[in-house]
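Notes for the one structure printed next.
The values are calculated or read from the model by the stated rules, or taken from the named source; none is laboratory data. From a predicted model like this one, the values you see are computed outputs, not experimental measurements. Counting neighbours? That spans all protein chains shown, and the Cβs are built from the backbone with ideal geometry, glycine included. With ligands, DNA and RNA removed, areas are computed over all heavy atoms of the protein, side chains included. Shrake-Rupley method; radii C 1.70, N 1.55, O 1.52, S 1.80 Å.
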Amino acid sequence: MPKNKRHKSYPAIKIGRFGVNSNFQAQGIGNMIVDYLKQLFVDNNRTGCKFITVDAYRQSLQFYKRNGFEFLTIKDENDDTRLMYFDLIKIVSQ
Ligand SMILES: CC(C)(COP(=O)(O)OP(=O)(O)OC[C@H]1O[C@@H](n2cnc3c(N)ncnc32)[C@H](O)[C@@H]1OP(=O)(O)O)[C@@H](O)C(=O)NCCC(=O)NCCS
């Protein structure tokens with residue numbers, strides 16, 4: 001975002017407490033839920049949300065990266081969780 005066009009805040013939703021039962025992990029269920037969530041905020045989006053955000057645990061960073069999420073900052077590089085975001089514009093025109 002060009003600096004002179006930046007806002008102080010952006011409309012976003014935050015994923016909280018996301019988990020797949022350990023008996024069913026690594027079967028594509030997490031991917032399906034994230035895809036469904038993205039689509040919810042693109043089709044008939046009445047919220048105006050532009051981003052999906054998450055405070056991702058270290059063990060789930062790869063999962064979110066594979067789902068198109070990016071790191072917001074490098075300041076939390078050594079923290080237990082890292083703030084990541086998905087820009088819904090990526091799928092709006094698909
Ligand atoms: C993270 C979590 C939600 C992913 O759900 P899942 O159903 O196991 O994920 P999927 O089977 O859909 O995997 C999706 C992709 O992410 C990858 N992935 C999933 N968990 C991963 C992990 N721990 N490390 C590396 N890659 C991982 C898979 O290999 C897969 O890659 P692919 O699409 O190239 O095949 C689930 O593992 C979980 O509940 N973990 C414990 C709780 C947690 O950490 N939640 C996140 C809170 S921020």
Rounded if a/c under 1.5, otherwise prolate or oblate - region 18-62, Cα gyration tensor axes: oblate
Karplus (6.51, -1.76, 1.60) ³J(HN,Hα), θ = phi - 60°, over region 71-88, in Hz, Gly and Pro reported as x: 6, 7, 8, 9, 5, 9, 3, 9, 7, 5, 10, 10, 6, 10, 9, 10, 8, 5
13 Å beta-carbon shell around Phe69, net charge (K/R +1, D/E -1): +2
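With a 1.4 Å probe and every protein chain kept in, tell me what percent of the accessible surface of region 28-94 is carbon plus sulfur.
On the way: 2370 of 4510 Å².
Carbon plus sulfur share of accessible area: 53 percent.
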Accessible area in the full protein assembly, largest first, 1.4 Å probe, for Tyr36, Tyr10, Tyr64, Tyr85: Tyr36, Tyr10, Tyr85, Tyr64
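Using the Cα gyration tensor of the chain, with a ≥ b ≥ c the square roots of its eigenvalues, what is the shape: rounded (a/c below 1.5), prolate (a/b larger than b/c) or oblate (neither)? Provide the component values of the computation, followed by the final result.
Details: a/c = 2.20, a/b = 1.22, b/c = 1.81.
Cα axes put the chain in the oblate bin.
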For the chain, built as a Gaussian network whose Cα springs stay under 10 Å, the top-fluctuating residue of Ala56, Ala12, Ala26: Ala26
Å² of accessible area per residue within the chain, as computed with a 1.4 Å probe and no ligands counted: 77
Rough spin-label spacing in nm, given labels placed 7 Å along Cα→Cβ, for Lys3 and Cys49: 3.2
GNM result for the chain, Cα springs below 10 Å: residue of Gly19, Gly30, Gly48 fluctuating most strongly: Gly19
Accessible-area value, Ile89, 1.4 Å probe, nucleic acids and ligands omitted, Å²: 100
Counting DSSP beta bridges with both ends in the chain, the antiparallel % (nearest 5): 70
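Report the full-extension gain for the segment Asn31 to Gln62: residue separation times 0.36 nm, less the Cα-Cα distance, to one decimal in nm. All intermediate terms of the calculation are to be shown ahead of the outcome.
Details: separation 31, 0.36 × 31 = 11.16 nm, distance 1.19 nm.
Additional length available on full extension: 10.0 nm.
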